[in-house]
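Chemist: My questions all concern the structure below.
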Amino acid sequence: MNNYIPVIGLEIHVELKTKSKMFCGCPADHFAKKPNSICCPVCLGLPGALPVPNKKAIEWTILLGKTLGCAINKVSKFDRKHYFYPDLPKGYQISQYDEPIATKGKLSLQIQSSKFKVQNDSSKLKNEEKTFRIHRVHLEEDTGKLIHKGNETLIDFNRSGVPLVEIVTEPDFDNADDVKRFLEELQVIVRYLGISDADMEKGSMRLEPNISVREIPNPKSQIPNISKLPITNYQLPKYKVEVKNINSFRFVKQAIEYEIERQTTLLEKGETPKQETRGFNSNKQITYSQRSKEEAHDYRYFPEPDIPPMIFNDDWLKQIEKQIPELPQAKLERFVKDYSLKFSDAFILTRDKKLSNYFEQVNSKFKIQNSKSKLKIKNYSQSIINLIINNKLSKTLTIGEFVNKVIELLAPKETDEKLLGATITRIIETNKKVVDDYKSGKQNAIMFLVGQVMREMKGKADAKIVINMLKSKIQSSNVRSSRFNRD
Amino acid sequence: MNLSNLTIKEATLGLKKKKFSSNQLVKACLDKIKKVEKKLNAFITINENGAIDQANNCDLYFKKFGEGIFEKKPLLGIPIAIKDLFSTKDLKTTAGSIIINKYIPPFDATVVKKLKNAGAIIVGKTNEDAWGHGSSGENSDHGPTRNPYNLERVPGGSSSGSGAAVASGECFMATGTDTGSSVRLPAAYCNLVGIKPTYGRVSRYGIIAMASSFDTVGHLTKTVYDNALTLEITAGKDSYDATTVPKDVPKYTHYLEKSIEGLKIGIPEEYFISGIDEKVENKILSAIKQLQKLGGKVNKISLPHTEYAMATYYILVPSEISSNLSKFDGIRYGDERELFGDEAKRRIMLGTYTLSSGYYDAYYLKAAKVRTLVKRDFEEAFKKVDVLIAPSSPTLPFKIGEKAADPLQMYLSDIFLCPVNLAGMPSLNVPMGFIDGLPVGMQIIGQQFSEKLLYQVAYKYEEATQYYKISPKI
């Protein structure tokens, strides 16, 4: 039997959240707006209208390119990509063909086994690092949207002309889990840069995997690690299948897994899968044929004559490079190292840049207050992160308010022992069944009683003291009850 | 006094001196239109009521603000016409094609806006070869326009209606576009001054695109002064057109009187070899003598890649046309694609072919390289001379139908004009007299952004010859 190795490359579209659209002054934020309420002659493609490129969108594409380790082309240009479709009002899309803004980058990820799981054990940090190459990053315009209603199809041009970045990877993936992990990382990076919401459901991030399966004729030969091999060292399959209409990371995984199985089955039968574009049906979790190679477009690319070529000067490029923030992976490593946080918690925290910043601000303010106070609470960073992640405290609090709350929660409680004694006695008497359970050996039952006591005390008691007093009171009630029994 | 035969300069003076009102000027043009339109077919749409309303407004303005208003609005009260390729808000814009026969733009082209702001009054939209495809006006879906100097003959295209309308006195100025010849050829065939400005000098925003990297926006007038005055208004950087250049616009009219003593004139020898009408050649030679009398120093110059210019043009231009016309797919507005005229279909097919994968390198890319060589020819020439002089057309205005069956022959009438568009240089047609009662034109080509100099040369030549005074008898 042959071995089969999936070969997967990705095309990812990300809508930029610039103020205005790519080539006109209309607002770029089109989500949930009244249809055709934010368009003008330019994004409607009316006769005579001309595109004027959005500098911010170009800047952000360079920023993303640099962040992904790409080389930035000093000279770049726009091209026209022709095809007929009702949502494309000019009959061509302004895109980039042979001189994209950025090329040849990479993104390295810590991959945990084949399936990434958030582990509580920080020793799991040392995982395999995988590098996925970025083929190019380019800028284009989004199209309008078709809305099908019964027999009618309506067009909404609000989205037409919204800046869209396309990121194309090399075919460096060999499983759906890596793809998912890569996409999640890319999403977080894009959000860190503040250039897009990268929201799959709103369509501001869209994915198109290209999937094929490669046969290794000799099963005994070692399977090479594709991501580490130069592209010339092995041959890509003679076909590829592009899957469209995927709007969640879960679906991308399902689609890829379905395709790998479908294509492998064909290969095992000695057939070569057709080169085609397939859609994904999320209800049935299957892909279906949309367009075959024979129907493939000839896009007739040529340089966009309405926009002069762009020449980027070094000063500007350097300025943009300075805008690259600390990236999620670096932040994660720093959090684990500097704050001795659990890897899993630091991971969750660093997925969100705002939350990470909030944490750091709370932490540093707390540090100052803590050093001034007599209490000198230890290991507070982990406690703070617990409070943030478990939603124990509202994240809408100001830093100062949050810090005060944290101090309140972490400070050892001054316990009113007289009140506590009375409360415990009452709880023991009203929960005889639970007390008996505890006495008969159900150790966990004590926690229920602790909870009851804490509630009565409105949290104003130290948990350790509560447990100790509960235990001793139950002990003594034990003595009493045996005496009564004897009576 | 025949008001519609005045120049803009004369008309403005008359308005200032209250010899007549803008209302009278507009009515004179509208009367002329009524009188000659059946013969000429220069207009697709006539804006009669709108024009009269605007004229009355202009008269009120003048009454209220006095002569000073002409500083701000140099074309106040002047009736003009707009080629139907220019978007005009609330005024039907067809590009000469039945595909968008009912299209009413919701916005003005930048140039239209500027002209309106300058006080000009639009009397109508002029006929043209559909989409600007043609050199004779015969490719209009609204029927051909006729030459006011000889109704059997073409007025030159594609701004055919604009040429005929200005020459016959239906308006004082008309806009045009020049992608390969379309302002200069009708100017030459209608005894007018026509400017093809430097690419990037005038905004293309709102003008239905033909070939975007070639299209320039010019205009036709009776005199050099009127032409220079109009360019002062229309030229300049436009935030809606990324290809416009942020260069100051000189007051062209202020430099017209300057002497051209010592001007270095180049005569491109490649323009004097084959196919040129002998009478046209003689005419240009005497025009050159006239320029020498005015102080010009004449040198022969070579533009070695001239022979490839037409072939290059007819690969690159259709390529861009096929792209620009794709929006007219009949889905959102307009008629079905099958209603495109033969010439548009021909160009769409040619351009689609030359951009197709497998042919792109051999055609589009190669032609783009040759274009660079043609441009370099001009740049080299302008290291040696100030301007180049050539006939605008190798032939006289031809008879309607004469070349219609042979597109290649038709393309050749632009042989001296197209290379300039490949290079993006400015060029001006100025009348150089008549042969057998038919107008002929001289072309003055300069380096980029040298419009000021072109107007100076043309003004001196016009002063000496005054051919503009010969109006058509229609």
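Chemist: Can you name every residue in the range B:63-102 that is of a type in the set (G, A, S), touching a residue at least 40 places away in the same chain (Cβ under 8 Å) and either within 11 Å of chain A (Cβ to nearest Cβ) or surrounded by fewer than 24 Cβ atoms within 10 Å (Cβ to Cβ) (or both)?
Modeler: B:S87, B:A95, B:S97
Chemist: Another question, if that's okay. Would you check which residues across the range A:14-35 are among the aromatic types (F, W, Y) and either crowded, with 18+ Cβ neighbours inside 10 Å or touching a helix residue (DSSP H, G or I) at 6+ places or on another chain (Cβ under 7 Å) (or both) and list them?
Modeler: Passing the criteria: only A:F23.
Chemist: Search the range B:201-217 for residues being assigned to a loop (DSSP other than H, G, I, E, B) and hydrophobic (A, V, I, L, M, F, W, C), and hand back the single one that is farthest from the other protein chains (Cβ to nearest Cβ).
Modeler: It comes out as B:M210.
Chemist: State yes or no: is B:S181 closer than 27 Å to B:M310 by Cβ and in contact with a Ser or Thr (Cβ under 9 Å, 6 or more places away or on another chain)?
Modeler: Here the answer is yes, as B:S181 does meet what is asked.
Chemist: Return yes when A:D416 is over 37 Å from the mean Cα position of the chain (by Cα) and closer than 30 Å to A:I368 by Cα and no when it is not.
Modeler: yes
Chemist: Taking the condition of being closer than 24 Å to B:Y359 by Cα, free of Cβ contacts under 8 Å to residues at least 60 places away in the same chain and of a type outside the set (A, V, I, L, M), how many residues in the range A:277-297 meet it?
Modeler: Result for the range A:277-297: 4.
Chemist: Is it the case that B:T221 is more than 26 Å from B:S471 (Cα to Cα), touching a Leu at 6+ places or on another chain (Cβ under 9 Å) and crowded, with 22+ Cβ neighbours inside 10 Å?
Modeler: no
Chemist: Moving to a separate point now. Somewhere in the range B:428-444, is a residue outside any strand (DSSP E or B), in contact with a strand residue (DSSP E or B) (Cβ under 6 Å, 6 or more places away or on another chain) and of a type in the set (D, E)?
Modeler: no
Chemist: Give the residues of the range B:289-314 that are surrounded by fewer than 23 Cβ atoms within 10 Å (Cβ to Cβ), among the hydrophobic types (A, V, I, L, M, F, W, C) and under 23 Å from the mean Cα position of the chain (by Cα), sorted by residue number.
Modeler: Selection gives B:M310, B:A311.
Chemist: Inspect the range B:103-113 for any residue being more than 14 Å from every other protein chain (Cβ to nearest Cβ) and either surrounded by fewer than 22 Cβ atoms within 10 Å (Cβ to Cβ) or not basic (K, R) (or both) and give the result as yes or no.
Modeler: no
Chemist: Let me ask another. Which pairs do you get when a residue that is assigned to a helix (DSSP H, G or I), found in the range B:1-27, comes within reach of a residue that is of a type in the set (K, R), reach meaning Cβ atoms under 7 angstrom, with the pair 6+ apart or on two chains?
Modeler: As it stands, the answer is B:S4/B:K32, since those pairs meet every condition given.
Chemist: Which of the residues that make up the range B:315-342 are away from chain A (no Cβ under 11 Å) and surrounded by fewer than 19 Cβ atoms within 10 Å (Cβ to Cβ)?
Modeler: Those that are away from chain A (no Cβ under 11 Å) and surrounded by fewer than 19 Cβ atoms within 10 Å (Cβ to Cβ): B:D335, B:E336, B:E338, B:L339, B:D342.
Chemist: What do you reckon, is B:L291 in contact with a Phe, Trp or Tyr (Cβ under 8 Å, 6 or more places away or on another chain) and either in a helix (DSSP H, G or I) or hydroxyl-bearing (S, T, Y) (or both)?
Modeler: yes
Chemist: Right, next: Looking at the range B:373-385, can you tell me whether even one residue there is within 14 Å of chain A (Cβ to nearest Cβ), touching a residue at least 24 places away in the same chain (Cβ under 8 Å) and not aromatic (F, W, Y)?
Modeler: Looking through the range B:373-385, none of the residues is within 14 Å of chain A (Cβ to nearest Cβ), touching a residue at least 24 places away in the same chain (Cβ under 8 Å) and not aromatic (F, W, Y).
Chemist: Right, something else. Is it true that some residue in the range B:225-244 is charged (D, E, K, R), under 29 Å from B:L75 (Cβ atoms) and touching a strand residue (DSSP E or B) at 6+ places or on another chain (Cβ under 7 Å)?
Modeler: yes
Let's see how each residue does on (1) closer than 21 Å to A:I189 by Cβ; (2) surrounded by fewer than 19 Cβ atoms within 10 Å (Cβ to Cβ):
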{"residue": "A:E326", "(1), (2)": "yes, yes"}
{"residue": "A:Y339", "(1), (2)": "no, no"}
{"residue": "A:R351", "(1), (2)": "yes, yes"}
{"residue": "A:S356", "(1), (2)": "yes, no"}
{"residue": "A:S364", "(1), (2)": "no, yes"}
{"residue": "A:N386", "(1), (2)": "no, yes"}
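Listed here are the residues, each with its yes/no results for (1) closer than 28 Å to A:G25 by Cβ; (2) buried (at least 19 other Cβ atoms within 10 Å of the Cβ); (3) under 17 Å from the mean Cα position of the chain (by Cα).
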position: A:F157; (1), (2), (3): yes, yes, no
position: A:I167; (1), (2), (3): yes, yes, yes
position: A:P171; (1), (2), (3): no, yes, no
position: A:N175; (1), (2), (3): no, no, no
position: A:R181; (1), (2), (3): no, yes, yes
position: A:E185; (1), (2), (3): no, yes, yes
position: A:A198; (1), (2), (3): yes, yes, yes
position: A:K202; (1), (2), (3): yes, no, yes
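Chemist: Can you find, within the range B:434-471, the residue that is farthest from the chain's Cα centre (by Cα) among those that are surrounded by 17 or more Cβ atoms within 10 Å (Cβ to Cβ) and charged (D, E, K, R)?
Modeler: Taking the candidates together, the pick is B:K460.
Chemist: Can you pull out the residues in the range B:265-288 that are buried (at least 16 other Cβ atoms within 10 Å of the Cβ) and either among the charged types (D, E, K, R) or touching a His at 6+ places or on another chain (Cβ under 9 Å) (or both)?
Modeler: B:E270, B:K283
Chemist: Would you confirm whether any residue within the range A:301-319 is more than 30 Å from B:N324 (Cα to Cα), away from every other protein chain (no Cβ under 14 Å) and buried (at least 18 other Cβ atoms within 10 Å of the Cβ)?
Modeler: Looking through the range A:301-319, none of the residues is more than 30 Å from B:N324 (Cα to Cα), away from every other protein chain (no Cβ under 14 Å) and buried (at least 18 other Cβ atoms within 10 Å of the Cβ).
Chemist: Which of the residues belonging to the range B:147-176 are surrounded by fewer than 24 Cβ atoms within 10 Å (Cβ to Cβ) and in a loop (DSSP other than H, G, I, E, B)?
Modeler: Within the range B:147-176, B:Y149, B:L151, B:E152 meet the criteria.
Chemist: Let me ask you something else. List the residue pairs whose Cβ atoms are under 8 Å apart, where the first residue sits in the range B:272-284 and is acidic (D, E), the second is part of a loop (DSSP other than H, G, I, E, B), and the two are 6 or more positions apart or on different chains.
Modeler: That search, which allows pairs on different chains as well, returns B:D277/B:P394; B:D277/B:T395; B:D277/B:L396.
Chemist: Within the range B:181-218, can you find the residues that are under 11 Å from the mean Cα position of the chain (by Cα) and among the basic types (K, R)?
Modeler: B:R184, B:K196
Every number in this text was worked out from the coordinates using simple rules, so none of it is lab data. Quick caveat, the model's predicted, so the values are computed rather than measured. Every residue, glycine among them, receives a Cβ derived from its backbone with ideal geometry; neighbour counts consider all protein chains shown.
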